[in-house]
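K.L.:
I'd like to ask you about the structure that follows.
A short reminder: the numbers here are calculations on the coordinates, not readings from a lab. Because the structure is a prediction, the values reported are computed rather than measured. Positions of Cβ are backbone-derived with ideal geometry, glycine not excepted, and every protein chain shown enters the neighbour counts.
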Amino acid sequence: MTSQSRGTDTAGTAGGTRVLEAHVTVVDPELCKGCGLCVAACPPGVLSLAPSFNSKGYHPARYSGAGCTGCGFCFYACPEPAAVTVYKKGAEVPAEGGI
Amino acid sequence: MAKKILRKPAGFYDVFERKPGDQLTTHYCPGCGHGNVHKLLAEAVVDLGIQDRTILVSPVGCSVFAFYYFKTGNIQVAHGRAPAVATGIKRALPHAVVVSYQGDGDLAAIGGNHILQSANRGEQITVLFINNAIYGMTGGQMAPTTVLGMRTTTTPYGRKVNNEGPPIRVVELLSSLDGPAYLERTALWDNKAIRRTRTAIRNALQCQIDGLGFSMVEILSPCPSGWKLNPDEAHEWMRENMAPVFPPGLKKDVRAEREPFFPEKRELTAEEIRAAVDLQIEEPTPYPSELVKPEYADPAIKLAGFGGQGVLSAGAILANAGMEQGFQTSWIPSYGPEMRGGTAHCFVHISRHAIGSPTVSNPDVLVAFNRPSLEKFEPELKPGGLLLYDSTIIDVTPKRTDIEVLAVPATGLADELGFSRMANTVMVGAYVAKTGILSREAIEQTLPLAIKRQNLVETNRKGLARGIEFVEGLES
Amino acid sequence: MAREFIKGNEAIVKAALLAGCRAFYGYPITPASEIAHAAAKYFPRLGRTFLQAESEIASIQMVYGASACGQRVMTASSSPGISLKQEGLSYLAGSELPCLVVDIMRGGPGLGNIAPEQSDYNQIVKGGGHGNYKNIVLSPNSAQEMCDLTMLAFELADKWRNPTVLLADGYIGQMMEPVDFPEAVLEVPEKPWALQGEAADADRLINSIYLVPEILEDHNRQLQRKYAKIEEEEVRYEEYLVEDAELVLVGYGIVSRILRSVVERARGEGRKVGLLRPITLFPFPKVRLRELAEGGTAQVFLVSEMSNGQMVDDVRLAVAERIPVEFYGRMGGCVPSVEEILEVVGETVRKHGATV
């Protein structure tokens, strides 16, 4: 996880960018309250609650790593401002590091 | 949803610095619908280009701290009063986009009248109404939208139709009014419903941006903690129990019929302000004090009669003229229960000195326009005082011998002029001629200030002249 | 200078407009309705806002919203209506929002009547709403002061970011007197804290909620420091023949006019009677009262109010039993006459063996 996922639309992309070749959903485990609404909202069923706990004691949601369709339902189903970020295919992301 | 990246909208602060503790997440419980609506609103204000001019009104309820999150103007207000506060904001800043964010207890219970009245005024605000059928913040009590049979901490046996009555359907209620332009109910129970909520919020904001009038979205929203359900169970419960009572849908949309309204802003000069409040620049014309007969100087005058005789305006004529001539003056009508007792009276002071009590127990002058006034107030007159009375309609004579009495057939003289209602100005003329306390010119000049109906100024002037002539006739 | 022979109630409205007041939010109630009538007539003429709200509660909250946006704004009501506005006054004080509230006091409790009383002293001067707050309170006793103190009220409210109340009664509201109106105020103070509907608003917050006890205590301490400074800087009162007075009358509003006549009559009889009239009720002229009690010629105070004795408590606190404080009050809308107070002056002198 990088700090950028906690930023906003205006987060910088200094250091160059790359273009994603697949849809990716990223859940920040520390910002997730484990309500599971994203899991219920996900049409392909590629989100689940982790068996592990975050520092607040919630089971955070996680992406299986494959099968995201980029529909964005999880983003709108999630009540937290910054817990879920959805990167669609073709999105420009920083060249270095994770997203 | 054509964005390539869906992430925390810029309508939120980067870090929630106003929030104690964790400043990256909200204070809402897991699965609470407030977070969803916050996200939709934060996204919409950016997408619609109104973030800089948006002012969010935070209510009392779980969203009392909405101001932690929105990177907009923020104001926190009293329980239920958000639409009234929003009214004051919008009238002050017509260019601002004002969003009143309210829960069901806030909006439909304690603030019920405010939402009704602001909707009816067509107030140019947007209301987001979170209906979760319960008071979350205060501990799960019944809301006006709690459904029948639902157990809450204040309906432990379930809401009963014969005790609490059935739930209130707010958007349907408001849709019967002509004021609102856009009213919709949406829900958060599945992806499709959330998408519709997203659209409705944008429609409602656009309605305000376009100056089309009051807009509101009622959003059926889960309260897993209050309902004691898991978040996914809460969604199911909403669909089963709230949907039948609160059917989603567009309840009113008259945007296409509305003319945009944007109030114009005016800045006035000092001269324009002065003119608008009817202030004319005037300097008093000081009255030559040697003309005042010493025995009549600085009088406290009581004028009394029955309602409709012009007693109060006779007093105002004297006081206005006194002001014009540089005297201290005051006028006060009879007040309270006496007003209904058949006599109307007023006190007038015309003085060279600061005036203390505007009323006096023992006036220097009594002007009596009818018999009850004469009988009631004659005993109060100061020894040596002056009594004027309308001898046309008062068929008794004053009893006291320690006062000066002037009988003026005021109504008769007015009748001769063809204006029997001018008896009051005849009496004013007689008083002034008798005492020399004011100049005739001053009274004529200020008559238009003391007389409400300007078409009567000329006839009053004639009455005044007649009263003066009458006294001059007596003295010559 | 523009002079007009005008009712006190109307003078308030013209003065407010001259002071740059942008909005009037009100609700009808006798004997304050004339203020709303005049506001409804004049505010729109200047392109300013007049709105008859759905309730007293709503009107004070509309004031809260307008004040939050930096506008000079006012409302006016009478006692039962003021009771309803107390919620809003507490929030205005908590959020430190300036405004003018006019209270044309009438008889109470409950519906009482529409005759003049001064029985709102406690609910206005002592707070009235919940919380540790004070209103700045101004007490006019003439139509001229209805004008002057209205204009001053807006200044003080802005200067201190505090609600200010013009505490008058139906008697002064109904009375017509000549009023010299000053020039219009075109420049009002900058309010960098106010919402403007601009990007910088994101750093502004109008708020009265402080969840953490220590932070709310800090906020309250800051308010108390502000009130202490107001007490240092803003006390206003008028004295009449107190220099050698052995009996000092104390009264405010219309009663002070009656007391002035009492002083004149008593002096005419050779009695050394004077008058102290508080113009600001908060801050209260307690220092001056203490001076008179301590070092002067005063042997006894006689406080008169059209109430059960509310301001007299503040006089007693100020005087702290240095010399006796007597009280004479009328209620229910009965206005004391000069003669009856003269009578009480006589009794007071006899009771305390003063040499007056």
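K.L.:
Enter the Cα centre distance for the pair region C:128-170 and region B:69-100, rounded to the nearest angstrom.
P.N.:
What the calculation gives is 26 Å, centre to centre.
K.L.:
Next up: Quick one: which residues, 5+ away or cross-chain, put their amide H under 5 Å from the amide H of B:PHE12? H built at 1.01 Å from N.
P.N.:
Here the answer is B:LYS71, since their amide H atoms fall under 5 Å of that of B:PHE12.
K.L.:
Could you list, in their original order, any pairs among B:LYS293/B:LYS382; B:LYS71/B:LYS251; A:LYS88/B:LYS39; B:LYS4/B:LYS192 whose Cα atoms are separated by more than 27 Å? All intermediate terms of the calculation are to be shown ahead of the outcome.
P.N.:
Working: B:LYS293/B:LYS382 17 Å; B:LYS71/B:LYS251 31 Å; A:LYS88/B:LYS39 19 Å; B:LYS4/B:LYS192 20 Å.
Cα-Cα > 27 Å for B:LYS71/B:LYS251; rest within.
K.L.:
Once the Cα gyration tensor of region B:33-257 is diagonalised, what are the square roots of 5 times its eigenvalues, in whole Å and ordered largest first, as equivalent ellipsoid semi-axes? Each step should come with its number before you reach the end.
P.N.:
Values: eigenvalues 142, 63, 57 Å².
The equivalent ellipsoid of region B:33-257 has semi-axes of 27, 18, 17 Å.
K.L.:
Tell me which residues come under 5 Å, amide H to amide H, from A:THR17 once H is placed; ignore anything under 5 positions away on its chain.
P.N.:
Answer set, sorted by chain and number: A:ALA95.
K.L.:
For every helix of n ≥ 4 consecutive DSSP H residues, a contribution of -39,500 (n - 2.57) applies; sum these over chain C, divide by its total residues, and give [θ] at 222 nm rounded to the nearest 500 deg cm²/dmol.
P.N.:
-13000 deg cm²/dmol
K.L.:
Which whole-Hz ³J(HN,Hα) couplings does region C:210-225 yield from phi under the Karplus relation 6.51 cos²θ - 1.76 cosθ + 1.60, θ = phi - 60°, glycine and proline marked x?
P.N.:
9, 5, 7, x, 5, 6, 5, 5, 4, 4, 5, 5, 4, 4, 5, 5
K.L.:
Using a 10 Å cut-off on Cβ to Cβ distances, tally the other chain neighbours for every residue of B:108-121 and report the average as a whole number. Could the numbers behind the result be given before it?
P.N.:
Values: counts 0, 0, 1, 3, 0, 4, 7, 0, 1, 4, 4, 0, 1, 3.
Counting Cβ atoms of other protein chains within 10 Å of each residue's Cβ and averaging gives 2.
K.L.:
Something else now. For each of C:LYS351, C:LYS226, A:LYS88, B:LYS39, count neighbouring Cβ atoms within 10 Å of the residue's Cβ, then give the residues from fewest to most. List each step's numbers first, then the result.
P.N.:
Numbers: C:LYS351 11, C:LYS226 16, A:LYS88 21, B:LYS39 28.
Least to most surrounded, the residues fall as C:LYS351, C:LYS226, A:LYS88, B:LYS39.
K.L.:
Using the Karplus curve 6.51 cos²θ - 1.76 cosθ + 1.60 with θ = phi - 60°, what ³J(HN,Hα) values do you get for each residue of region C:64-69, in whole Hz, with x for Gly and Pro?
P.N.:
Those phi angles translate into 4, x, 5, 5, 4, 8 Hz.
K.L.:
Sum up the charges of everything whose Cβ sits under 12 Å from the Cβ of C:LYS7, counting Lys and Arg as +1 and Asp and Glu as -1, but leave C:LYS7 out.
P.N.:
Working: positive: C:LYS14; negative: C:GLU4, C:GLU10, C:GLU34, C:GLU177.
Taking every other residue near C:LYS7 into account, the sum is -3.
K.L.:
Right, here's the next one. Take each of the peptides B:71-84, B:294-307, B:453-466, average the number of other beta-carbon atoms within 10 Å over its residues, and list them starting from the highest.
P.N.:
Working: B:71-84: 27.8, B:294-307: 20.4, B:453-466: 16.9.
The most tightly packed comes first, giving B:71-84, B:294-307, B:453-466.
K.L.:
Continuing with the same structure: For B:LYS252, enumerate residues with amide H under 5 Å from its amide H, sequence gap 5+ or separate chain, H modeled in the peptide plane.
P.N.:
B:LEU183
K.L.:
Using only helices, what value at 222 nm comes out for chain B when you add -39,500 (n - 2.57) per DSSP H run of length 4 or more and divide by the total residues, to the nearest 500 deg cm²/dmol? Don't skip to the end; give the middle numbers.
P.N.:
Numbers: 14 runs with 150 residues, N = 476.
That calculation yields -9500 deg cm²/dmol at 222 nm.
K.L.:
Within a 10 angstrom radius of each residue's Cβ in C:141-147, how many Cβ atoms of other chains show up on average? Whole number is fine. Write down the numbers at each step before the final one.
P.N.:
Numbers: counts 1, 5, 2, 0, 0, 0, 0.
Per residue, the average neighbour count from other chains is 1.
K.L.:
Here's a follow-up. Taking K and R as +1 and D and E as -1, what net charge do the other residues with C-beta under 13 Å from the C-beta of C:ILE57 add up to?
P.N.:
Working: positive: B:ARG81, C:LYS85; negative: C:GLU54, C:GLU56, C:GLU87.
Local charge sum for C:ILE57: -1.
K.L.:
For the protein assembly as shown, how big is Rg over Rh, using alpha carbon atoms and the Kirkwood form of Rh? Intermediate results must be reported in sequence, preceding the final value.
P.N.:
Working: Rg = 34.4 Å, Rh = 31.5 Å.
With Rh from the inverse mean 1/r over Cα pairs, Rg/Rh is 1.09.
K.L.:
Still on this model: Translational diffusion coefficient, Stokes-Einstein: compute it for region A:27-89 using the Kirkwood radius over C-alpha pairs as Rh, at 4 °C and 1.567 mPa s, and state it as an integer in µm² s⁻¹.
P.N.:
Values: Rh = 11.5 Å.
This corresponds to a translational diffusion coefficient of 113 µm²/s.
K.L.:
Shifting gears a bit: Quick one: if you stick a label point 7 Å off each Cα along the C-beta vector at B:GLU475 and A:ASN54, how many nm between them?
P.N.:
In this crude spin-label approximation the distance works out to 9.7 nm.
K.L.:
Can you give the percent of C-alpha pairs in chain B whose distance is more than 36 Å? Before the final figure, lay out each step's value.
P.N.:
Values: 59804 of 113050 pairs.
Percentage above 36 Å: 53.
K.L.:
Treat each spin label as a single point 7 Å out from the Cα along the C-beta direction, and report the C:GLU183 to C:ARG236 distance in nm.
P.N.:
Roughly 2.0 nm, to one decimal.
K.L.:
In debye, nearest 20: dipole of region B:290-475 around its Cα centre with unit charges on the Cβ of K, R (+) and D, E (-)? Please report the intermediate quantities before stating the final value.
P.N.:
On the way: 17 positive and 21 negative charges, 103 e Å.
Here the size comes out at about 500 debye.
K.L.:
Could I ask something else about it? Over 28 Å between Cα atoms: which of B:LYS302/B:LYS452; B:LYS399/C:LYS272; B:LYS90/C:LYS159 fall into that group? Can you show the working numbers first?
P.N.:
Values: B:LYS302/B:LYS452 21 Å; B:LYS399/C:LYS272 38 Å; B:LYS90/C:LYS159 24 Å.
The answer is B:LYS399/C:LYS272.
K.L.:
Follow-up question, since we're still on this one. Would you order B:ARG255, C:ARG221 from fewest to most other beta-carbon atoms within 10 Å of each residue's own beta-carbon? Spell out each step's value before the answer.
P.N.:
Values: B:ARG255 15, C:ARG221 11.
Sorted ascending by nearby Cβ count, the order is C:ARG221, B:ARG255.
K.L.:
From the phi of every residue in region C:331-347, what ³J(HN,Hα) in whole Hz does the Karplus formula 6.51 cos²θ - 1.76 cosθ + 1.60 yield, where θ is phi - 60° and glycine or proline is x?
P.N.:
Calculated HN-Hα couplings, in order: 9, x, x, 7, 9, x, 8, 4, 5, 5, 6, 4, 4, 5, 4, x, 4 Hz.
K.L.:
Starting from the Cα of C:LYS85, draw a straight line to each of the lysines and keep only those under 18 Å, dropping any in the same chain fewer than 8 residues away.
P.N.:
List returned: C:LYS126, C:LYS134.
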